[in-house]
Amino acid sequence: MLRIPLVCSLLAVFACGGAPQKASAPSVLKVEEAGLPFHILRATNGREIAPSEFFDELKSAQAICVGESHTDAHHHWAQLEILKVVAEEGDFGTGMEMFQRPFQGVLDDFSEGKIGEETMLARTDWKRRWTYDWEFYAPMVRLTVARGGTVLALNISKELKDTWKSVGTEGLSADDRAKMPEMDLDDEQHRTWFRTLMESMSEKHGMGGDPGGHALLDDPIEDAEPSEAITPEATSLLDPTDEDFIDQIYPVQVLWDETMADTAAKWLLAKANRRLVILAGHGHCHESAMIRRMRRRGITSVVSVRPVVDTGNGEVADLLSAPIHSYLLVMEKAAKNN
């Protein structure tokens, strides 16, 4: 069965674990102050729709996955604005890639006012397990708690992930196997997306390859799991044309998506009329990643939103040329000097 080689620990975007290498840069622009004029496009046809129509459609969805580059305050502002609308009424939650599932009880204690924010961050090991500046996420978490919503830990634990990488599914204990999600490794569209991403990373790090998929992630390193980095040694091992290489690392990316989709679906199905806003990196928040995997689990009304800052350099055109989202929330960078 699957055994993930050392190269996986060097390639952050594949959702591999690893010891922290450096602290994330602090936010320069506060999320609440990062708003820009925006337009909403349907990604499938490029047509602009009114914000009121967009928000009405979001209100009718069971789940809304809003992507991010982890250190882009503009993307987090878009997440916050969407959450404000969804959280206006009803039973809602904010599902977060940033928290691992064993810490759900800690998040519940925080939501119920039993512990404070600093204690919650310490008990969830935020600084080591996610590392990015808490202030990028604090506004969404605080709003969720203030309005009586659930902060939902979506991600697989580092410990289980590392064990699985070492021994494969067959080597897991019965208890650990029960915690693993159902895995679909045969989605050719997702595999093609993944291969394109590898080609983009190869091109970026001077190895050749087709950079055509680069727009799918604003920056593959930035959208990677924290605590890891692309090193010169790692780039020498990147070969997106090697199917054996892809076969070894691709399941880890799928594990990340399947775990979050499974956690979100189970929460939504546990009680009628729930709605969930999911915050996750762009690499997880598109049609063949979490979206399709949630539909497979019975969440039929699920959409994805891709925040993008339009600097006039083709960002929007790239995303429309091969659409993998429901909507693009297009912000105009030129409108402000930040």
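The values are calculated or read from the model by the stated rules, or taken from the named source; none is laboratory data. Owing to the predicted nature of the structure, the values given are computational and were not obtained by experimental measurement. Neighbour counts run over all protein chains shown; Cβ positions are idealised from the backbone, glycine included. Areas reflect the complete protein model, heavy atoms only, side chains present, ligands, DNA and RNA absent. Shrake-Rupley method; radii C 1.70, N 1.55, O 1.52, S 1.80 Å.
Accessible surface comparison of Glu315, Glu170, Glu135, probe 1.4 Å, protein chains only, largest first: the order is Glu170, Glu135, Glu315.
Placing pseudo-labels 7 Å out from each Cα toward the beta carbon at Glu81 and Asp175 gives an inter-label distance of 4.7 nm. The H on the amide N of His286, modeled in the peptide plane, is under 5 Å from the matching H of Ile291, each at least 5 residues off or on a different chain. Surface analysis of region 64-203 yields an accessible area of 38 Å² per residue, using protein heavy atoms and a 1.4 Å probe.
If R0 equals 51 Å, the separation of the Cβ atoms of Glu48 and Asp242 corresponds to a calculated FRET efficiency of about 0.75. Ordering 301-310, 35-44 by mean Cβ neighbour count within 10 Å, with the highest value first, yields 301-310, 35-44.
With the simple spin-label model, which puts each label point 7 Å out from Cα in the Cβ direction, the His39 to Ser321 separation comes to 1.9 nm.
Here Phe55 and Ile115 are evaluated by their C-beta separation; at R0 = 25 Å the FRET efficiency comes out at 0.15. Cross-link list Lys127/Lys271; Lys114/Lys179; Lys127/Lys165: which exceed 29 angstrom alpha carbon to alpha carbon? With Cα atoms farther than 29 Å apart: Lys127/Lys271.
A simple spin-label model places the labels of Val167 and Arg147 4.3 nm from each other, with each point 7 Å out along Cα-to-Cβ.
In whole percent, and with a 1.4 Å probe on the protein chains, what portion of the accessible area of region 20-163 is carbon and sulfur? Result for region 20-163: 50 percent of the exposed heavy-atom area is carbon or sulfur.
Charged side chains reduced to their Cβ positions (Lys and Arg at +1, Asp and Glu at -1) give region 247-338 a dipole of some 600 debye around its Cα centre.
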